[in-house]
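Quick notes on the structure that follows.
Taken together, the values in this text are just the output of simple stated rules run on the coordinates, not laboratory data. Source: prediction; values computed, not measured. So basically every Cβ, Gly included, is an ideal-geometry build from the backbone, and we count neighbours across all protein chains shown.
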Amino acid sequence: MQAFAYSNPASVADAAHAAAADGAKLIAGGQSLLGSMKLGLAAPEALVDLGAIADLKGISVAGGVIKIGAMTTHAAVAASAEVQQAIPALADLAGKIGDRQVRHRGTLGGSLANNDPAACYPAAVLGLGATVHTNTRNIAADDFFKGLYETALAEGEVITAVSFPVPEKAGWQKFKQLASRFSIVGVFVSKGPQGVRVAVTGAGAGVFRATDLEAKLAANWSAAALAGATVSADGLNTDLHGSAEYRAALIPVLAGRAVG
């Protein structure tokens, strides 16, 4: 890797100030960024490490909402009794990300900021209608994800936490690529304060909502409601793991399994 400056601020304000410098990049768990740097795909002039900021870690429950700090690891979310009780599907999702090493280093905020098209957390955030909190504003899930590795975040903006409304029902199903454990297709479904939501990851250029499936489940929350349902393959991914048509066929199947 190339040479770079490194800072380890103790506050969100200091991190945002350091990240505003030209060529600077925020680093959370480093599970994606460091690999990209080793391959020469990313070459930041400075890394701003968020690991020392205590305010970015932790889980709280109040008023029908679970709020999770951006630097909370996948392993901590999966092991949280509060998450397991309030949104079991979210704990299940976190516990199946990558392997143990990834789960103990990777973070919620880092995953969302990177917005890998096959990442799991974006499906939970969009599928639950969560709110992404930053050092400057609150961003609704429907406004946060913009496309391939693209989000609504501005330069230097720091994700501080994510608020998940507790749903009446929710489920998660993932058909994974065995080596990376990323989703070939992953589907998160929920029925809650924002109605029925079905979010799909791994199938396209980024996470998206399957609105036709949402309509069917809104009329009848059951796997049977999705029997015979189809999803268009237009715009979906084709690669060595599966064709667009294969992914399209998987979406309603996984959604039905997620409903239970």
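Highest mobility in the GNM of the chain, judged by mean-square fluctuation with C-alpha springs under 10 Å and restricted to Gly186, Gly228, Gly204, is found for Gly228. Computed from backbone phi, the HN-Hα couplings of the range 138-152 come to 10, 10, 5, 3, 5, 9, 7, 8, 10, x, 4, 6, 10, 10, 7 Hz, rounded to whole numbers (Karplus: 6.51 cos²θ - 1.76 cosθ + 1.60, θ = phi - 60°; Gly and Pro given as x).
Taking the three principal axes of the alpha carbon atoms in the chain, the coordinate ranges are 55, 44, 31 Å, sorted in descending order.
A simple charge model with +1 on the Cβ of Lys and Arg, -1 on the Cβ of Asp and Glu and nothing else charged puts the dipole of the chain at about 780 debye relative to its Cα centre. With the charge dipole of the chain set up from +1 on Lys and Arg Cβ and -1 on Asp and Glu Cβ about the Cα centre, the Cα lying farthest toward the positive end among the listed residues Ala130, Ala141, Gln101 is that of Gln101. From helices alone, the chain scores -8500 deg cm²/dmol at 222 nm; the rule is -39500 (n - 2.57) for each run of n ≥ 4 DSSP H residues, then divide by the residue total. Under 5 Å from the amide H of Ala161 lie the amide H atoms of Ala70, His133, each residue being 5 or more positions distant or on a separate chain, with H modelled from the backbone and absent for Pro and chain starts. Comparing Leu213, Leu26, Leu240 in a Gaussian network model of the chain where C-alpha atoms under 10 Å apart are linked, the largest mean-square fluctuation is found at Leu240. Listed here are the pairs Lys146/Lys169; Lys25/Lys146; Lys146/Lys191; Lys96/Lys146; which of them are more than 21 Å apart at the Cα? From Lys146/Lys169; Lys25/Lys146; Lys146/Lys191; Lys96/Lys146, over 21 Å: Lys146/Lys169; Lys146/Lys191; Lys96/Lys146. The Rg/Rh ratio of the range 171-260, with both radii computed over alpha carbons and Rh defined as the Kirkwood radius, is 0.96.
Translational D (Stokes-Einstein, µm²/s) of the range 1-55 at 37 °C and 0.692 mPa s when Rh comes from the Kirkwood sum over C-alpha pairs? The Stokes-Einstein estimate is 289 µm²/s.
When the Gaussian network model of the chain links Cα atoms closer than 10 Å, the mean-square fluctuations of Ala205, Ala179, Ala76 top out at Ala179.
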